[in-house]
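Single-structure report; data block below.
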Amino acid sequence: MSAASRFFDNRNVLGPLFMLPAAALLLFFLTYPLGLGVWLGFTDAKIGRVGEWIGIENYEFLVTDSVFRLSVFNTFLYTLVASVFKFVLGLWLALLLNKHIPFKSFVRAVVLLPFIVPTVLSAIAFWWIYDAQFSIVSWVLVKMGVMDHYINFLGEPNLARMSTIIANVWRGVPFVAICLLAGLQTIPPSMYEAASIDGATAFQQFRYITLPMLSPIIAVVMTFSVLFTFTDFQLIWVLTRGGPINATHLMATLSFQRAIPGGALGEGAAIATAMIPFLLAAILFSYFGLQRRRWQQGGSDR
Amino acid sequence: MASVELRQVRKSFGSTPVVHGVDVSIADGEFVVLVGPSGCGKSTLLRMIAGLEEITSGEIRIGDRVVNDVAPKQRDIAMVFQNYALYPHMKVIDNMAFSMKLAGRSQEEIHARVDKAAKILGLTDYLDRYPRQLSGGQRQRVAMGRAIVRDPQVFLFDEPLSNLDAKLRVQMRTEIKELHQRLKTTSVYVTHDQIEAMTMADKIVVMNSGRVEQIGSPLDLYDQPANLFVAGFIGSPAMNFLPGKLVTKWGGRGVQIAPDCVLPAPANSESDGSDVVIGVRPEHFDIGASGVKAQVIVVEPTGADTQVYCRIAGHSVTAVSRERHTFRPGDTIDLNPAEGKSYLFNPASGARIA
Ligand SMILES: Nc1ncnc2c1ncn2[C@@H]1O[C@H](COP(=O)(O)OP(=O)(O)OP(=O)(O)O)[C@@H](O)[C@H]1O
Ligand SMILES: [Mg+2]
């Protein structure tokens, strides 16, 4: 056997060798842009001009920038309200779909629709629904005599916030519902039979059996849902571009606006970098949420 | 405690009938075992008593109340499931206390009752564990504990021992029997294992494809089986069946199973020449005395007794003897059914003639 073939049979050589392509890809496509973004945040780069290192000047400016502060507030409001609704509606839908209903698989497929339509497409649909002159919602309300004028859904700050949140919830509910449905189906029917013999009402079965047994899945699904919502960009950009008067600007949209149309690459990068701590917090939460509950652990006596 | 009464109980799933009119009465404090082959509708019947399955027609009474339309929780029954159905996210103590917690009992009462049940079942050291941290036998005990803390009118067991290994099964069998003697709660126990049925029951209900074949005490069923099915189901190794024609011989009746082979048959009033099946339990063959010739195929000594598998006129026959025989495969031996220990059946209807 030649020295070369023995060299390649050695697992200490072979292992890293096989990992090399994947590692290189990750390094190039993940770490490099991320690193570049973070680095840009510490420069005063503009489009067409290489930036100089300016330390934390960008961040110092952002802290005093009322638009940035508003966008942070908006992001939290958007994430919190949308996630709560996605959870409640998703759980409700999952419970319904878990019942014996006619055309079960067809209904399940329909529920998934909002999730498989490209975001931009559904955003454009909502844009029409919310249009100041052609809104179907306003039209129906006026025809029914509930209102006497068309609603400017995207024209007033709080109304625009509500409208974007509704669009986001519509888009996010299927993911939550289908994941929770998968979770519900792992609960053996005999749990409910035992509980009903033990005297539990339908609500008590939900409270003491369904919720606790679903909690590991809820933790995972909601972490993902929060991550997606927090970093949302497409919906807002299509519907409002952050307006009116920045009322719907999220950190992601503000970062893009400052960096690309606004040309202030360094500042945009700093805003994007500022999202990282929040996302890390969400991931940490998921890490602890993902940890198996004590009752899921097997074996040990202690 | 209460009696349980089933009257013409039927069950269909969609258009498929699975239970065809079952009548059983269970006295207060009795331990009744439903036994039958897989798929015969035992679990379905038990679940109807529990209220987990609707009754298609007929009537079920618990005590003096018709419970057809009563919800499970109002029937005052407790059930031990085959897979135990313990709540995995609750500790043993909470599993056992769950029903009382829902009923709004006081903390002291819950503690007292759980402690008592835990002591009876030897679970005191495990109250703080989760079901995952218990062995199969311990889980089985927790399932029983969950049932007995409630002090219900009726216990329902659905093959509670089938997930345990053979040794533990025998031990738990005794424990359940002991528990019943102590609590004297009416119990309905489902199993497909006839040994379990024989050893535990006050009364056995033998079922076959949705019908009751026979109801009686274990020894009744063993001594006086009503038909071929019960005769073949009860007893291990199973009864030997040999088809033949009735003849009169040696001043008595006999069954001719081959031109030169006649087995003595019990007295009966059927006419000579009618087709019958004669049944003889393996333990009721006398080996070695004069009788019909049998070819030895396999000999299995178990220590306590010897099982001899042999062939009579082309039919496989098992004989069990307390003696230690030294037959070899191929030997010819003499088999003779013990006097008064054989049965005659009608091959068409399966009913017993004598
Ligand atoms: N939900 C159901 N829908 C349709 N058929 C069913 C349903 N449950 C049971 N059956 C049928 O009813 C019959 C009786 O089932 P059951 O579970 O009572 O049998 P079993 O006697 O308990 O058998 P085993 O010893 O295998 O548990 C079977 O033929 C089964 O296929
Ligand atoms: Mg069964």
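Key figures for this structure:
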| item | result |
| --- | --- |
| Residue identified as within 16 Å of ligand 1 (Cβ to nearest atom) and small (Gly, Ala, Ser) among B:Gly14, B:Gly104 | B:Gly14 |
| Identity of the residue in the range B:132-153, buried (at least 20 other Cβ atoms within 10 Å of the Cβ) and within 11 Å of chain A (Cβ to nearest Cβ), that ends up nearest to ligand 1 (Cβ to nearest atom) | B:Ala143 |
| Subset of the range B:52-70 [within 28 Å of B:Ser162 (Cβ to Cβ) and either modelled with pLDDT under 90 or more than 8 Å from every other protein chain (Cβ to nearest Cβ) (or both)] | B:Glu53, B:Glu54, B:Ile55, B:Thr56, B:Gly58, B:Ile60, B:Ile62, B:Val67 |
| Candidate set: the range A:93-120, residues that are aliphatic (A, V, I, L, M) and surrounded by fewer than 11 Cβ atoms within 10 Å (Cβ to Cβ); chosen: the one nearest to the chain's Cα centre (by Cα) | A:Ile116 |
| Matching residues, the range B:170-184, being part of a helix (DSSP H, G or I) and open to solvent by 10 Å² or more (accessible area, probe 1.4 Å) | B:Val170, B:Gln171, B:Arg173, B:Thr174, B:Glu175, B:Lys177, B:Glu178, B:Leu179, B:His180, B:Gln181, B:Arg182, B:Leu183 |
| Residues being surrounded by fewer than 19 Cβ atoms within 10 Å (Cβ to Cβ) and at the interface with chain B (Cβ under 7 Å from one of its Cβ atoms) - total across the range A:192-206 | 1 |
| Qualifying residue in the range B:233-248 (condition: open to solvent by less than 50 Å² (accessible area, probe 1.4 Å), under 30 Å from B:Lys119 (Cβ atoms) and aromatic (Phe, Trp, Tyr)) | no |
| Residue in the range A:151-158 that is surrounded by fewer than 19 Cβ atoms within 10 Å (Cβ to Cβ), among the polar types (S, T, N, Q) and at pLDDT 85 or above present | yes |
| Residue within the range B:109-118 that is open to solvent by less than 50 Å² (accessible area, probe 1.4 Å) and facing chain A (nearest Cβ under 10 Å) present | no |
| Residue count for the range B:76-102, restricted to those that are within 8 Å of chain A (Cβ to nearest Cβ), under 19 Å from B:Gln153 (Cβ atoms) and outside any helix (DSSP H, G or I) | 4 |
| Complete set of residues in the range B:46-88 that are away from ligand 1 (no atom under 16 Å from the Cβ), at negative phi and touching a Pro at 6+ places or on another chain (Cβ under 8 Å) | B:Ile77, B:Ala78, B:Leu86, B:Tyr87, B:Pro88 |
| Positions within the range A:32-76 being in a loop (DSSP other than H, G, I, E, B) and on the phi < 0 side of the Ramachandran plot, in sequence order | A:Phe42, A:Asp44, A:Ala45, A:Ile47, A:Val50, A:Gly51, A:Glu52, A:Ile54, A:Ile56, A:Asp65 |
| Selection from the range A:51-66 of residues that are among the hydrophobic types (A, V, I, L, M, F, W, C) and surrounded by fewer than 16 Cβ atoms within 10 Å (Cβ to Cβ) | A:Trp53, A:Ile54, A:Ile56, A:Phe61, A:Val63 |
| Matching strands (runs of 3 or more DSSP E) fully within the range B:1-72 where at least 1 residues are within 16 Å of ligand 2 (Cβ to nearest atom) | B:4-13, B:16-26, B:31-35 |
| Which numbered condition A:Asp148 fails, given (1) open to solvent by less than 70 Å² (accessible area, probe 1.4 Å); (2) part of a loop (DSSP other than H, G, I, E, B); (3) out of contact with any Leu (no Cβ under 8 Å at 6 or more places or on another chain) | (1) |
| Residue, modelled with the lowest pLDDT, within the range A:259-302, restricted to residues that are open to solvent by 80 Å² or more (accessible area, probe 1.4 Å) and farther than 25 Å from A:Phe228 by Cβ | A:Arg302 |
| Any hit, the range A:42-51, residues being at pLDDT 85 or above and either within 28 Å of the chain's Cα centre (by Cα) or under 30 Å from A:Pro174 (Cβ atoms) (or both) | yes |
| Top-ranked residue in the range A:207-246 [being hydroxyl-bearing (Ser, Thr, Tyr) and within 21 Å of the chain's Cα centre (by Cα); ranked as farthest from the other protein chains (Cβ to nearest Cβ)] | A:Thr240 |
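Results for (1) closer than 30 Å to B:Gly137 by Cβ; (2) buried (at least 22 other Cβ atoms within 10 Å of the Cβ); (3) within 16 Å of ligand 2 (Cβ to nearest atom); (4) within 14 Å of chain A (Cβ to nearest Cβ), shown as yes or no for each residue.
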| position | (1), (2), (3), (4) |
| --- | --- |
| B:Leu168 | yes, no, no, no |
| B:Thr186 | yes, yes, no, no |
| B:Val190 | yes, yes, yes, no |
| B:Ile195 | yes, no, no, no |
| B:Lys203 | yes, no, no, no |
| B:Val206 | yes, yes, yes, no |
| B:Ile215 | no, no, no, no |
| B:Tyr222 | yes, no, no, no |
| B:Ala231 | no, yes, no, no |
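The values are calculated or read from the model by the stated rules, or taken from the named source; none is laboratory data. Since the model is a prediction, treat every value here as computed from it, not as a measurement. Positions of Cβ are backbone-derived with ideal geometry, glycine not excepted, and every protein chain shown enters the neighbour counts. These area figures cover heavy atoms from the full protein model, side chains too; ligands, DNA and RNA do not enter into them. Shrake-Rupley method; radii C 1.70, N 1.55, O 1.52, S 1.80 Å.
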